[in-house]
Amino acid sequence: MQTVEPDIPISDAEERFDLWRRRIGLIAAPLAFAAVWLLATGLETPARKLGAILAAVVVLWVSEAIPMAITAFLGVAASVVLGVAPAQAAFAPFADPLVFLFVGTFILARAIFFHGLDRRFAFAILGLRGVGERPGRVLIAYAVTAGAISMWISNTATTAMMFPIGVALLRSLESLSDTPLSQRHVSGFAAALLLSNAFAASIGGLATPVGTPPNLIGIGFIRQETGVDVSFFAWMALGVPVVLLALAAMLARFHWSAIDRDARLDGVAEFIAVERAALGPWTRGQVNTVIAFAFAVTFWVLPGVLALALGSDHPLCKQLASAMPEGVVALLAAVLLFLLPTDLRRMEFTLDWREAVQIDWWIVFLYGGGIALGTLAFKTGLAEALGFRLTALLGVQSELGLIVLATVISTVLSETTSNTASANMVVPVVIAFARSSGIDPVLPAVAATMGASLGFMLPVSTPCNAIVYASGRIPLTTMMRHGIWLDVAGIAAVITVVSLLGPLVRGALGG
């Protein structure tokens with residue numbers, strides 16, 4: 001899930017690369033438009049026009065020559081100007097119910113961040129008895145905390161919040177004159193600890209629909225183009241096992257390669273205790289935020305639990321699903337933040353509008369634009385034509401084969417472009433490909449959605465990677481070595497869970 005993202009420092013070389021990437025994008029986008037327009041003569045005119053627009057949009061998304069949300073606006077507006085669709089139809093997805101799920105959860109996440117609940121939770125986990133005594137335990141607690149927080153809060157915001165805690169832990173460790181760790185082990189542990197923050201935050205976002213924007217983008221495409229409504233509970237039934245497998249693989253890798261098993265960190269426990277004590281007692285705002293958060297989680301998960309216990313056709317399940325869809329629950333939870341007082345005499349409430357509007361609206365606009373363009377791709381026949389051509393080219397004929405292909409392509413693409421752009425580009429193509437092959441598109445689309453969040457190799461793969469790389473403690477080769485291993489492990493986790501548990505979830509919950 002996204003909230004306000006911090007400024008991410010980058011090196012001079014990265015800045016030059018980024019500048020040239022954006023310049024090339026400005027030139028390549030109109031060339032891509034012209035190439036598709038001239039070469040795709042076999043398509044119907046609306047599909048041909050949209051294909052040219054999408055080619056330019058993809059180039060602009062990959063290069064980030066202009067802000068991604070503006071690119072989404074440009075693609076939809078160009079579709080209206082060129083006669084692909086009327087304005088009312090083209091812009092209708094911006095009012096999709098999932099847009100309001102974004103808005104509500106972003107406001108809720110802002111309250112959690114504003115009142116310091118994320119930091120309180122982090123130090124509570126790190127302060128568990130015995131955690132601060134061993135490097136391996138510190139690493140596990142630190143990574144699990146980042147993963148758990150990122151289930152509900154932006155991966156980037158989670159990494160940014162946990163990063164100074166990790167650096168402070170390392171400084172405390174390095175200041176201990178009696179530590180048995182060698183300088184080599186300190187350096188290796190530092191890289192592993194900071195990388196575990198970035199990697200765990202990206203992994204944790206897979207657990208819930210609101211954990212990261214690609215999840216909702218994929219769910220939106222699945223619902224609009226297949227009619228299958230993937231519930232909050234159904235997504236977690238797949239997402240949580242993927243997260244557990246990927247986190248276990250990451251921790252095993254770091255424990256094997258970067259942990260001195262005989263070392264003790266006697267001073268770190270005291271540091272954590274001091275930081276935790278400095279947080280002070282719970283505030284009224286924190287209590288109110290927990291109430292709103294608990295309300296949201298309860299009604300997000302309850303329909304799925306009841307469907308599992310009573311059956312999805314039970315009248316109570318149908319009534320609850322109809323009256324309290326995820327977007328409505330998110331909005332009601334957000335409203336609670338403006339109703340629960342912190343000082344009623346002064347008419348002060350848990351959150352005010354000045355704080356609420358600090359959310360990242362660009363993700364909302366990017367989601368609306370991406371869904372709009374994907375919907376037009378199906379309505380014009382472009383997606384179907386692309387699906388048939390890919391079917392003939394790749395020859396994938398089974399659901400498992402398409403799950404594997406979708407996960408790998410989405411992961412590879414996410415290494416060089418944003419996760420949200422990867423989901424916007426890959427998921428609709430996978431759905432069209434599945435239809436043309438006679439394959440149920442739901443599970444391959446879920447796999448493609450999850451694969452969009454598996455970019456671990458490079459600083460440019462995710463803002464999470466960029467934040468920890470900027471510390472100067474992580475050599476690029478170290479990030480690439482651990483990242484490619486985790487890419488493979490993550491792909492294996494997604495394929496295994498979606499192919500084995502997916503049919504059970506689809507059969508039990510209808511999604």
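Only the coordinates and a few stated rules stand behind these numbers; no lab work does. Owing to the predicted nature of the structure, the values given are computational and were not obtained by experimental measurement. Ideal geometry is used to build each Cβ from the backbone, glycine not excepted, and the neighbour counts take in all protein chains shown.
Computed values, structure above
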item	result
The chain: angle of helix 97-114 to the longest principal axis, Cα-based, in degrees nearest 10	20
Rounded tilt (10° steps) of 442-451 against the dominant C-alpha axis of the chain	50
Tail weight of P(r) past 22 Å, computed on alpha-carbon pairs of segment 68-141, percent	56
Neighbour-count ranking [beta-carbon atoms within 10 angstrom, fewest first] of Cys317, Cys464	Cys317, Cys464
Förster-model FRET efficiency, 41 Å R0, Ser471 and Leu501, C-beta, rounded to 0.05	0.65
Cleavage-rule hits, chymotrypsin sites (Phe, Trp or Tyr not before Pro), segment 433-470, DSSP coil, Cβ neighbours within 10 Å at most 15	none
Gain in span if fully extended, Ala294 to Leu310, counting 0.36 nm per residue against the direct Cα distance	3.5 nm
Intensity falloff of segment 392-511 expressed as log10 I(q)/I(0), Debye formula with alpha-carbon point scatterers, at q = 0.09, 0.11 Å⁻¹	-0.27, -0.39
With Cα atoms, 0 to 90° folded angle of helix 266-278 axis to the chain main axis	70
Three semi-axes of the equivalent ellipsoid, segment 98-356, Cα gyration tensor, whole Å, largest first	37, 24, 14
Mean Cβ count within 10 Å, highest first, over the residues of peptides 244-257, 434-447	434-447, 244-257
Value of relative contact order over segment 98-356, rounded to a whole percent, pairs C-alpha under 8 Å and six or more apart	30
Most to least packed among 24-36, 153-165 [average Cβ atoms within 10 Å]	153-165, 24-36
Rg to Rh, two decimals, where segment 302-460 supplies the alpha carbon set and Rh follows Kirkwood	1.10
Under the Karplus curve 6.51 cos²θ - 1.76 cosθ + 1.60, θ = phi - 60°, whole-Hz ³J(HN,Hα) for segment 81-96, x wherever Gly or Pro sits	4, 8, x, 5, 7, x, 4, 4, 6, 5, 8, 4, x, 5, 9, 4
Cut-off 13 Å between beta-carbons: net charge of the residues surrounding Gly327, Lys and Arg +1, Asp and Glu -1	-2
Amide hydrogen neighbours beyond the local backbone of Thr342, cut-off 5 Å, H modeled	Glu348, Phe349, Thr350
